[in-house]
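Report on the following structure.
The values are calculated or read from the model by the stated rules, or taken from the named source; none is laboratory data. Keep in mind that what you see is a predicted model, and the values were worked out from it rather than measured. Positions of Cβ are backbone-derived with ideal geometry, glycine not excepted, and every protein chain shown enters the neighbour counts. Note: accessible area is taken over every heavy atom of the protein model, side chains too, but ligands, DNA and RNA are not part of it. Shrake-Rupley method; radii C 1.70, N 1.55, O 1.52, S 1.80 Å.
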Amino acid sequence: MTRPTFAMLGAMMLCGTAFAATQGIVPVNWTAEQDHQNMMQQLGITKLRQGPSGNAKPGDPNAANYDESKANPFPNLPDLMTLKSGAKVTTVAQWEQRKAEIKEDFDREVLGRIPKNVPKVSWKVVGVDHEVINRLPVTATQLIGHVDNSAAPFIKVDIKMTMVLPANAKAPVPVLMMFGGSAYPNPAQPRADFEKINAAMKAAMVKADPSLAQVFKDYPGWQPFTPPNPFAAAPRQVNADGDPPNQEQLIADGWGFVSIDPTSVQADNGAGLTKGIIGLTNKGQARKPDDWGALKAWAWGASRGLDYLKTVKDVDSSHVGIEGVSRYGKAALITAAYDERFYMVLVGSSGEGGAKLHRRNWGEAVETLTATGEYHWMAGNFLKYGTSESKFGAMTPGDLPVDAHELIALCAPRLTLISYGVPEKGDANWLDHQGSYMATVAAQPAWRLYGAKTIGVSDNYHTERMPAVNTALMDGQLAWRQHDGGHTDAPNMKYFIAWADRNMGRKAPVQTAAN
Ligand code: GCU
């Protein structure tokens, strides 16, 4: 082997892995299977139970249960209102103590802890676009939240977020932060500059193929780009259920919205656990059993987004909400549960790991997450509850010290809407609507403690059954509504907005359309 030249060394220094090597750090680069296996080893687990699969057919050995008589193998939930000391919680001060206990259990066993050394995020505006959303003018700001990576420069985390505010608001506006892709919602098109763009385009095309000069001479009226007609009505994008997109509904009511890209914080897979924000705090090494999982990392990202919103004078930062659907519905619930600066939360079709009770045997189960694919959402310790053989024996979801009703209760007394659709339209049975309703029922005492209102039914989660589809239990600050659409929360958005406006004592402003 020849010795590396200076040029080669220079090139290696530029590359992150080489930097890590010089620091004596070799970043781990495993597949999800290898990472999962490593966590099993750390915990002394030799065998996990196979979980129900969403793809199994009825009768398959790994088919999910959809028989209500078998759905409650662990019928009794941990008592929300009893401290570990055995004392009953009757005051808000005691509830603060109880909340700390609940969070500690979720941190250690279910979601993982945010480490103490998470580096600082500095937000930077990368672009401002003046756009129109269904005829209303908005200002869209693209932002990057750069995470200081000086401790491990081979891992880069740049949080992507887009903030969209009504352009003509007379006062700071409430804002709903939504988990999803971060992009300009309706990029403005150049108008007056089209002649210049087309001339340059034609010149470039002729340069690439000189014979085009004749074509352009023969068809002088043809232009590569046609300017949009500013007077044409924008095509209305309604979803399958006939509802306008959430963004449009929010702007129409005079709110702003933010889209934040969770995968720019942490990848949605196990192989990514030594990268992203989790990997950065571990300097590229594998997680320990109580380190945070992706859901907690996404929630952390949303909190950093809120830090930024708190600096924007056009945002009414005491009325910022968080929203998400499906895996992002889980993340939205966790965000609100842990960060009390969020005034409201819309938890869309969140299922297992979200509003659904872990103790339920219906559709997706604890074992579905622990055995495969999506274990990275949770703390490593969560694997214990799907274990059949290990140094500590077997454990079940019934051994979990906490359950979903307690995660919901952490949001009290703030506005919390648990939202679902219906299986016939694609909001799968898999999500366990009834199990999520039971968790909502069992969370009610926390709201009452503050004098806030609940969904207005008894606390008996053993006997309470979901109300009919499209029944809004939204008279209080804890709320439930199962709409008649699919795997989305758009059909519930108008109810959410009206409910939040009512609670904020706000009237939607009359707005002037853009021209
Ligand atoms: C799968 C998974 C759910 C999740 C959903 C989604 O169905 O089992 O837990 O909520 O994907 O995020 O789309």
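Which one of the conditions (1) hydrophobic (A, V, I, L, M, F, W, C); (2) in contact (Cβ under 8 Å) with a residue 24 or more places away in the chain; (3) open to solvent by 10 Å² or more (accessible area, probe 1.4 Å); (4) more than 16 Å from the ligand (Cβ to nearest atom) does Met395 fail to meet, given that it meets all the rest?
Failed condition: (2).
Evaluate segment 398-407: report whether one residue or more is within 16 Å of the ligand (Cβ to nearest atom), at pLDDT 95 or above and under 19 Å from the mean Cα position of the chain (by Cα).
yes
Going through segment 54-94 one residue at a time, which ones are assigned to a loop (DSSP other than H, G, I, E, B), charged (D, E, K, R) and under 23 Å from Ala371 (Cα atoms)?
The answer is Lys57, Asp60, Asp67.
How about segment 501-510: which of its residues are open to solvent by less than 60 Å² (accessible area, probe 1.4 Å) and over 23 Å from His405 (Cβ atoms)?
Within segment 501-510, Asp501, Met504, Arg506, Ala508 meet the criteria.
Output the number of residues of segment 364-379 satisfying the condition of being modelled with pLDDT of 95 or more and in a helix (DSSP H, G or I).
Qualifying residue count for the region: 8.
In segment 467-498, what residues are open to solvent by less than 10 Å² (accessible area, probe 1.4 Å), out of contact with any Phe, Trp or Tyr (no Cβ under 9 Å at 6 or more places or on another chain) and under 19 Å from Pro174 (Cβ atoms)?
Ala490, Met493, Phe496
Just need a number here: residues in segment 408-433 that are part of a helix (DSSP H, G or I), more than 16 Å from the ligand (Cβ to nearest atom) and either open to solvent by 30 Å² or more (accessible area, probe 1.4 Å) or of a type outside the set (Gly, Ala, Ser) (or both).
Of the residues in segment 408-433, 2 are part of a helix (DSSP H, G or I), more than 16 Å from the ligand (Cβ to nearest atom) and either open to solvent by 30 Å² or more (accessible area, probe 1.4 Å) or of a type outside the set (Gly, Ala, Ser) (or both).
Please go through (1) open to solvent by less than 10 Å² (accessible area, probe 1.4 Å); (2) farther than 18 Å from Gln50 by Cα; (3) more than 16 Å from the ligand (Cβ to nearest atom) for Thr387 and return the number of the only condition it doesn't satisfy.
(2)
How about segment 425-460: which of its residues are of a type in the set (Lys, Arg) and under 22 Å from Asp484 (Cα atoms)?
If the condition is that a residue be of a type in the set (Lys, Arg) and under 22 Å from Asp484 (Cα atoms), then Lys425 is the only one that fits.
So, in segment 480-508, exactly how many residues are away from the ligand (no atom under 16 Å from the Cβ) and in a helix (DSSP H, G or I)?
The total comes to 14.
Out of all the residues in segment 120-156, which are surrounded by fewer than 16 Cβ atoms within 10 Å (Cβ to Cβ), of a type outside the set (A, V, I, L, M) and either assigned to a loop (DSSP other than H, G, I, E, B) or more than 23 Å from the chain's Cα centre (by Cα) (or both)?
Once the filter is applied, which keeps residues that are surrounded by fewer than 16 Cβ atoms within 10 Å (Cβ to Cβ), of a type outside the set (A, V, I, L, M) and either assigned to a loop (DSSP other than H, G, I, E, B) or more than 23 Å from the chain's Cα centre (by Cα) (or both), segment 120-156 yields Lys120, Gly127, His130, Arg135, Asp148, Ser150, Pro153, Lys156.
Scan segment 51-89 residue by residue and report those that are in contact (Cβ under 8 Å) with a residue 40 or more places away in the chain and open to solvent by 30 Å² or more (accessible area, probe 1.4 Å).
Ser53, Gly54, Tyr66, Glu68, Lys70, Asn72, Pro73, Phe74, Pro75 - these are the residues of segment 51-89 that are in contact (Cβ under 8 Å) with a residue 40 or more places away in the chain and open to solvent by 30 Å² or more (accessible area, probe 1.4 Å).
Report whether or not Gln50 is assigned to a helix (DSSP H, G or I) and polar (S, T, N, Q).
Taking the combined requirement at face value, the residue does not satisfy it.
Which residues, counting only those in segment 380-399, are polar (S, T, N, Q), under 15 Å from Arg360 (Cβ atoms) and not in a loop (DSSP other than H, G, I, E, B)?
Across segment 380-399, there are no qualifying residues.
Tell me which residues, restricted to segment 435-459, are part of a helix (DSSP H, G or I), away from the ligand (no atom under 16 Å from the Cβ) and either in contact with a helix residue (DSSP H, G or I) (Cβ under 9 Å, 6 or more places away or on another chain) or of a type outside the set (D, E, K, R) (or both).
Tyr437, Met438, Thr440, Val441, Ala442, Ala443, Gln444, Pro445, Ala446, Trp447, Leu449, listed by residue number.
Ile114 - would you say it is touching a residue at least 60 places away in the same chain (Cβ under 8 Å), under 24 Å from Lys384 (Cβ atoms) and open to solvent by 30 Å² or more (accessible area, probe 1.4 Å)?
yes
Scanning segment 52-78 for residues that are of a type in the set (Gly, Ala, Ser) and modelled with pLDDT under 95, which turns out farthest from the chain's Cα centre (by Cα)?
Gly59
Test Ile159 against the stated conditions and say whether it is hydrophobic (A, V, I, L, M, F, W, C), modelled with pLDDT under 95 and in contact with a helix residue (DSSP H, G or I) (Cβ under 9 Å, 6 or more places away or on another chain).
When the stated conditions are applied, Ile159 does not pass them.
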